[in-house]
1. Can you compute the radius of gyration and Dmax for the chain, using only the Cα atoms, both in Å?
2. Could you tell me how far the Cα centroid of the range 74-125 sits from the Cα centroid of the range 9-32, in Å?
3. For a quick check of your reading of the filter: which GluC sites (Glu not before Pro) in the range 1-105 sit in a DSSP loop and have no more than 13 other Cβ atoms within 10 Å?
4. For the chain, what does the helix formula give at 222 nm: sum of -39500 (n - 2.57) over DSSP H segments with n ≥ 4, over the residue count, nearest 500 deg cm²/dmol?
5. Determine ³J(HN,Hα), in whole Hz, for all residues of the range 47-63 in sequence, where each value follows from phi through the Karplus function 6.51 cos²θ - 1.76 cosθ + 1.60 and θ = phi - 60°; x replaces Gly and Pro.
6. Please return the longest range in the chain lying between exposed loop sites, taking trypsin sites (Lys or Arg not before Pro), DSSP loop only, at most 14 other beta-carbon atoms within 10 Å, and leaving the sites out.
Amino acid sequence: MAMTPGQRAEFSYRVTAADTAAQLGSGDVAVLGTPRVLALMERATVQAVARSLEPGETTVGVSAHLEHLAASPVGATVDVEAVVQERTGRRITCTARMSAGERTLATANIVRVVVNRATFEAGTG
């Protein structure tokens with residue numbers, strides 16, 4: 001199936017104590033940690049591209065530029081969205097945004113590459 005710019009995925013996520021910078025080791029504050037922000041944004045990009053992959057294919061993240069702009073406390077619900085911007089060969093460029101209502105919490109540009117799952121998991125691809 002062809003991948004087209006504008007394909008998107010979105011979901012909501014409730015911040016838990018396990019998601020905090022203090023728990024993840026990326027800081028000492030009890031708010032949503034940047035490593036979890038990136039993981040959630042990558043999850044959204046995976047979902048945005050999944051329906052366009054051929055059987056046996058998957059994608060892997062190869063680069064990310066993330067700006068974490070505002071804190072989210074434990075118990076907060078955040079919305080995560082990813083949008084496919086372009087596909088060139090095996091390379092897929094996506095934008096991602098995390099928000100709470102109208103407030104932008106983080107933005108990212110994430111690049112994924114299409115790979116053969118079996119070859120990649122075997123370490124030969």
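1. Computed over the Cα atoms of the chain, radius of gyration and Dmax are 15.3, 45 Å.
2. The two parts, judged by their Cα centres, are 18 Å apart.
3. Of the GluC sites (Glu not before Pro), the ones in loops of the range 1-105 whose Cβ has at most 13 other Cβ atoms within 10 Å are Glu102.
4. The helix contribution divided over the chain gives -6000 deg cm²/dmol.
5. 5, 5, 9, 4, 5, 9, 8, 7, x, x, 9, 8, 10, 10, x, 10, 7
6. Numbers: sites that count: Arg51, Arg90.
Of all site-free stretches, the longest is 1-50.
Readers should treat all values here as calculations from the given coordinates under stated rules, not as data from a laboratory. Owing to the predicted nature of the structure, the values given are computational and were not obtained by experimental measurement. Note that each Cβ is placed from the backbone with ideal geometry, even for glycine, and that neighbours are counted across all protein chains shown.
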